[in-house]
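Have a look at this one.
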Amino acid sequence: MARPRTFDEDRVLEQAMRAFWLHGYEGTSTRDLCEATGLDRSSVYNAFTSKHELFRRALTRYTEAMTATQTEILEDGDRPAIERIRALFAKIIDDEFTFRGDAPSIGCLGVNTTVEFGGRDPEIARLLEQDAARRLETLRAAVEAGRRDGDIRSPRDPAALARYLNAVTAGIRVAAQGGADRAVLEAIAETALDAVTATA
């Protein structure tokens, strides 16, 4: 008969997520995971079967939380769509300094994973693709709302503009990891906003 778990699984996933976020998948050893979660090696593997499965679940937790936040911002009907997009950029920039301290940002676990895995892991690639599709849909809907409001005047297809804005958010995160300061990140965001509000 299996022994009951004596730990808080949500807490363990949160701590594992932060370890992977800081060090990457390959850079996070089993020992690192044990230290981060407070579990011994056997407990980690009994609960999650493998490092890969623990990473998959931690990444799922991260993407669901981040996408839920983006959706909440972009679906806020109390303000114009362009202001929702502006608020999303502001949130992303603020997040880059939350875990920064005196060191460069640790960036986005989703972006970091995309760079590290490069599509070589079909299961992780599928998870990231599904998450990207959800985020792109909320961005596309916001762009279309901005078109109706008259604030977004770019003649480009809303889906293309959504992909562009999504790429800008990833670029902001990578720039932050490289040590860019807040003023630089805000300039990137404002340039993107100029691009979608311009008529040509």
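Return only the number of the condition from (1) within 19 Å of the chain's Cα centre (by Cα); (2) surrounded by 15 or more Cβ atoms within 10 Å (Cβ to Cβ) that THR37 does not satisfy.
(1)
Is there any pair with a first residue in segment 7-26 that is closer than 15 Å to THR60 by Cβ and a second that is among the acidic types (Asp, Glu) whose Cβ atoms are under 7 Å apart and which are 6 or more apart or on different chains, and what are they?
As it stands, the answer is TYR25/GLU116, since those pairs meet every condition given.
If you go through segment 129-165 one residue at a time, how many are crowded, with 19+ Cβ neighbours inside 10 Å and either on the phi > 0 side of the Ramachandran plot or among the hydrophobic types (A, V, I, L, M, F, W, C) (or both)?
Number of matching residues: 8.
So, one more: Hydrophobic (A, V, I, L, M, F, W, C) and modelled with pLDDT of 95 or more - does that describe any residue in segment 174-182? Steps first, answer last, please.
At the first step, the residues of segment 174-182 found to be hydrophobic (A, V, I, L, M, F, W, C) are 174-176, 180.
Next cut, modelled with pLDDT of 95 or more only: none.
No: segment 174-182 contains no residue that is hydrophobic (A, V, I, L, M, F, W, C) and modelled with pLDDT of 95 or more.
Let me ask something else about it. Consider only pairs whose beta carbons are under 8 Å apart and that are at least six residues apart or on different chains; among these, list those whose first residue lies in segment 185-198 and is under 18 Å from VAL174 (Cβ atoms) and whose second residue is of a type outside the set (Ser, Thr, Tyr) and open to solvent by 60 Å² or more (accessible area, probe 1.4 Å).
Final answer for the pair search is ALA189/ARG86.
For residues in segment 169-184 being without any contact (Cβ under 8 Å) to a residue 12 or more places away in the chain and surrounded by 12 or more Cβ atoms within 10 Å (Cβ to Cβ), which is nearest to ILE82 (Cα to Cα)?
Top of the filtered list is VAL184.
Residue-by-condition table, conditions (1) farther than 16 Å from ALA81 by Cα; (2) touching a residue at least 40 places away in the same chain (Cβ under 8 Å); (3) not hydrophobic (A, V, I, L, M, F, W, C):
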site	(1), (2), (3)
LEU128	yes, yes, no
ALA132	yes, no, no
VAL143	no, yes, no
GLY146	no, yes, yes
ALA162	no, no, no
ALA167	yes, no, no
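Another question, then. Test THR49 against the criterion of being open to solvent by less than 40 Å² (accessible area, probe 1.4 Å) and not charged (D, E, K, R), and give yes or no. Show your work before the answer.
Working: open to solvent by less than 40 Å² (accessible area, probe 1.4 Å): no; not charged (D, E, K, R): yes.
For THR49, the condition - open to solvent by less than 40 Å² (accessible area, probe 1.4 Å) and not charged (D, E, K, R) - is not met.
The values are calculated or read from the model by the stated rules, or taken from the named source; none is laboratory data. Note that the structure is predicted; figures quoted are calculated from it, not measured. All Cβ positions, glycine included, derive from the backbone under ideal geometry; neighbour counts span all protein chains shown. Side chains are part of the model used for accessible areas, which takes the heavy atoms of the whole protein and leaves out ligands, DNA and RNA. Shrake-Rupley method; radii C 1.70, N 1.55, O 1.52, S 1.80 Å.
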